[in-house]
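**Student:** Quick one: the structure is below, and I'll ask about it shortly.
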Amino acid sequence: MPAAEPMGADLLGASASTLAALEGDYFPPVHYSPSWLLLVVLILVVIVAWVVFVLVLTRRRGTPVYSPQPLPGITPGVREGYLASIDDVGRRYAAGAVGFSDAHHELSALVRAFAAQARGIRAQYMTLDDLRRTPHADLAHTIEQLYPGAFSGETAGSIDDATARASELVRRWN
């Protein structure tokens, strides 16, 4: 009867004599270079940094805080210039040089530019909702009154009413 082979010898493909010869030898664990550890740590740091970066970029932004820069009062010459531009829009509409919607867009742009110059409000870049959140309800109301003429596509209403509203705002603000 052949000698009993150690358990698992047939699985490894080694004979009993080979395993017996190796039984007394000690094989220490394989040492890895420290650079592998540094590489793993670096990869983990990059992954964590990426997650933080993505979370910071995609976080919900708060509403902008209104903080106008202190400006000197608007000069009468500047005010008169805006009033003349508003009247010019009314004249060009009456002459047929500009359409109803375009006239309302121009009036809105003039009122917004005046607000920027008079009070430092970046009205040119603000939506109507943004304007409503500022303490300048009269500006938001004037712009809101110009929206139907600018965006509805209808020609109901009077350009004289729109120019009067824009002119009134320019006259009232200091």
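**Student:** Starting at the first residue of the range 114-124, write each ³J(HN,Hα) from the Karplus equation 6.51 cos²θ - 1.76 cosθ + 1.60 with θ = phi - 60°, in whole Hz, x for Gly and Pro.
**Tutor:** Karplus values, whole Hz, x for Gly and Pro: 5, 4, 5, 6, 7, 10, x, 7, 7, 5, 5.
**Student:** Can you sort 125, 82 by how many other beta carbons sit within 10 Å, fewest first? Don't jump to the answer; show the numbers that get you there.
**Tutor:** Working: 125 9, 82 22.
Taking fewest neighbouring Cβ atoms as first place, the list is 125, 82.
**Student:** Show me 136-144, 41-49, 95-103, 112-120 ranked by packing, highest mean number of other Cβ atoms within 10 Å first.
**Tutor:** Details: 136-144: 17.8, 41-49: 10.0, 95-103: 14.3, 112-120: 19.3.
Top of the packing list down: 112-120, 136-144, 95-103, 41-49.
Since every read-out is calculated from the coordinates, none of them should be taken as a lab result. What you see is a predicted model; the values in this text were computed from it and never measured. When we count neighbours, we look across all protein chains shown, and the Cβ atoms used for this are built from the backbone with ideal geometry, even at glycine.
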